[in-house]
Amino acid sequence: MKCALVRPDGVVVRTERHPTDAARGPAAVVGTILDVAGGLADKARADGLTPIAVGIAVPGVVDEARGVAVWSANVGFRDVPLRDLTVKRLGLPTALGHDVRVGGLAEARLGAGRGTGHVLFVAIGTGIAAAHVVDGTAAVGAHGAAGEIGHILVRPDGPRCGCGRPGCLEAMASAAAIGRRYAELAGDTVDAPVTAAEVAERAAAGEPLAGQVWQEAVEALADGLASGQALFDVATIVLGGGLAQAGDRLLIPLRAALHERMTFHREPQLVAAALGDEAGCLGAALLALDAVGVRDLQEKR
Ligand SMILES: [Zn+2]
């Protein structure tokens, strides 16, 4: 769990990390969230600051309007009324958001998409998910499940995805998928697992197999992003998550592949995320401040 005390002017006063340890079960995780939030509020008061709101972001399906963590594969949440529990415990206005959507919110308002109005933030890590942000607000969807770009079908005959269907973008181009594909093609020629970052490095160094695997992933990503652009017509696509740390090794071929796929569509800028590890905490803070009608963070930072 990444946690921060953020002032309305955007200054991060304090950061903390705590183990989620999801194996303890969802009730214990919720207990830790409440303890950590309460502890941060106490530390703020001890420093002479006045906590005004709490923002919490969790993975999975999140009903932001009701403040409920509806479902999460990783943490095991099933209809947890996290907002009400936090209000009860801390006595502060609380906003509940989705981890990728708040990251997108922060990148769109404070980071790489700042000033461009219409932003698609795509986080590529173990999985792939997106947030569509228009004028500083991330679309949530009717059921709290907007932005699942990782489950766009890009290769009907492709490998089976974690969701159960074959050929999803996530099954072709997530960091995990790239590592798996390399291992599959390399067979006995490698004795240890090769990560996506290493595939990128080997590709850049001219290794043909790595080059092939990287290019396959780039082509699949370009198909997914082209679908995203057809739907949303954004000014900027911001790439975040672990894979985006490949930098130009990803951005340069991906820009070219996306360019090839644009017909009448306007080509978006394709850029790397700018806020790194801070995006989630800043986005949760933005959501909390939005909930109490404070928008200073956006203008002052
Ligand atoms: Zn899928």
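Just so it is clear, none of the values below were taken in a lab; they were calculated from the coordinates. Everything numeric here is computed off the predicted structure, so don't read it as measured data. Note that each Cβ is placed from the backbone with ideal geometry, even for glycine, and that neighbours are counted across all protein chains shown.
Within region 17-167, the percentage of alpha carbon pairs spaced more than 24 angstrom apart rounds to 42%. Please report how far the C-alpha centroid of region 269-287 lies from that of region 70-147, rounded to the nearest whole angstrom. Centre-to-centre distance over Cα atoms comes out at 11 Å. One Cα centroid belongs to region 1-48, the other to region 191-231; the line between them spans 36 Å. If each of GLN269 and ALA197 carries a label point 7 Å out from its Cα toward its Cβ, how far apart are those two points in nm? Each label point lies 7 Å from its Cα, and together they span 2.7 nm. Other residues whose C-beta falls under 14 angstrom from the C-beta of GLY247 contribute a net charge of 0, scoring Lys and Arg +1 and Asp and Glu -1. Once the C-beta distance of THR189 and ASP233 is scaled by a Förster radius of 51 Å, the resulting FRET efficiency is 0.70 to the nearest 0.05.
For ARG14, the residues whose modelled amide H falls within less than 5 Å of its own, excluding neighbours fewer than 5 places apart on the same chain, are LEU5.
Set against the 2.2 N^0.38 Å expectation for a compact globular protein, region 23-84 has a Cα radius of gyration ratio of 1.24. Take the Kirkwood radius over Cα pairs of region 102-212, plug it into Stokes-Einstein at 10 °C and 1.306 mPa s, and you get 102 µm²/s for translational diffusion.
Screening the chain for whole DSSP H helices with an alpha carbon extent of at least 20 angstrom along the helix axis and a mean Kyte-Doolittle hydropathy of at least 0.5 yields 26-46. With the convex hull of its Cα atoms as the shape, region 118-172 has an orientation-averaged projected area of 4.2 nm². Rounded to the nearest 20, the size of the Cβ-charge dipole of the chain about its Cα centre is 740 debye, with Lys and Arg at +1 and Asp and Glu at -1. For the chain, the ratio of Cα radius of gyration to the globular rule of thumb 2.2 N^0.38 Å stands at 1.03. Each helix, a run of at least 4 DSSP H residues, gives -39500 (n - 2.57); summed and divided by the residues of the chain, these come to -13000 deg cm²/dmol at 222 nm.
Along region 144-150 the Karplus relation, 6.51 cos²θ - 1.76 cosθ + 1.60 evaluated at θ = phi - 60°, assigns HN-Hα couplings of x, 10, 5, x, 7, 5, x Hz to successive residues, with x for each Gly and Pro.
For MET262, the shell of other residues with beta-carbons less than 14 Å away shows a net charge of -1, using +1 for Lys and Arg and -1 for Asp and Glu. What is the sum of charges, Lys and Arg at +1 and Asp and Glu at -1, for the other residues whose Cβ falls under 11 Å from the Cβ of ALA226? That sum, taken over residues with Cβ under 11 Å, equals -3.
Note on the chain: antiparallel DSSP beta bridges, both residues inside, total approximately 60 percent of the bridges counted. Spacing of the modelled spin labels on ALA28 and VAL11, each 7 Å from Cα toward Cβ, amounts to 3.9 nm. Over the Cα atoms of region 1-106, the radius of gyration divided by the Kirkwood radius equals 0.94; this is the Rg/Rh ratio.
Computed over region 60-103, the quotient of the alpha carbon radius of gyration and 2.2 N^0.38 Å is 1.11.
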